[in-house]
Amino acid sequence: QVQLVESGGGLVQPGGSLRLSCQASGSIGTIYTMGWYRQAPGKQRELVARTSNGGSTNYGDFVKGRFTCSRDNANNTVHLQMNSLKADDTAVYYCNANVRQRFSTSRNDYWGQGTPVTVSS
């Protein structure tokens with residue numbers, strides 16, 4: 001099995017910054033993509049940022065240069081640096097990883113438990 005543990009969420013004022021982290025552990029063969037999704041109340045889950053093991057990153061359109069997603073492959077960790085936060089960024093942020101487990105040929109998506117981010121004055 002593969003576990004994803006997130007940290008770093010919380011309350012921040014508009015214009016502020018937060019850094020989220022997520023570490024994968026367990027029976028990991030290869031992590032292909034690793035990144036973040038978010039879900040606000042009453043809305044569908046949406047992509048925030050996702051980085052491949054080759055280093056390329058896709059961002060949601062709403063990011064507009066405010067967030068940076070980075071991976072530490074040696075430690076199976078992904079970070080999300082969020083700057084210039086707005087009230088609309090309030091959501092539960094979920095870590096996601098597409099992983100091939102050790103001794104397996106198939107790939108599966110794994111999710112963290114979610115960490116809440118609230119942007120409010």
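Filtering VAL78, VAL99 for residues that are at pLDDT 95 or above and more than 11 Å from the chain's Cα centre (by Cα) leaves a single hit, VAL99. Do you know which residues across segment 8-24 are exposed (fewer than 15 other Cβ atoms within 10 Å of the Cβ) and within 15 Å of the chain's Cα centre (by Cα)? Passing the criteria: GLY10, ARG19. Going by what's in this entry, would LEU47 be described as open to solvent by 30 Å² or more (accessible area, probe 1.4 Å) and either touching a strand residue (DSSP E or B) at 6+ places or on another chain (Cβ under 6 Å) or closer than 18 Å to THR115 by Cα (or both)? Yes. Take the conditions in contact with a Ser or Thr (Cβ under 6 Å, 6 or more places away or on another chain) and over 23 Å from GLY16 (Cβ atoms) and apply them to ASN98. Does it pass? So ASN98 passes the test. Exactly one residue out of THR77, THR33 is under 16 Å from THR115 (Cα atoms), polar (S, T, N, Q) and in contact with a strand residue (DSSP E or B) (Cβ under 9 Å, 6 or more places away or on another chain), and it is THR77. One residue alone among ASP109, ASP88 is part of a strand (DSSP E or B), more than 12 Å from the chain's Cα centre (by Cα), of a type outside the set (A, V, I, L, M) and farther than 13 Å from GLU6 by Cα, and that residue is ASP109. Being open to solvent by less than 50 Å² (accessible area, probe 1.4 Å) and more than 17 Å from ARG45 (Cα to Cα) is the filter here, so list the residues in segment 82-121 that pass it. If the condition is that a residue be open to solvent by less than 50 Å² (accessible area, probe 1.4 Å) and more than 17 Å from ARG45 (Cα to Cα), then MET82, LEU85, VAL99, GLN101, SER104, VAL119 are the ones that fit.
The values are calculated or read from the model by the stated rules, or taken from the named source; none is laboratory data. What you see is a predicted model; the values in this text were computed from it and never measured. Heads up, the Cβs are rebuilt from the backbone with ideal geometry, glycines too, and the neighbour counts pull from every protein chain shown. Keep in mind that these areas ignore ligands, DNA and RNA; they rest on the heavy atoms of the full protein, side chains included. Shrake-Rupley method; radii C 1.70, N 1.55, O 1.52, S 1.80 Å.
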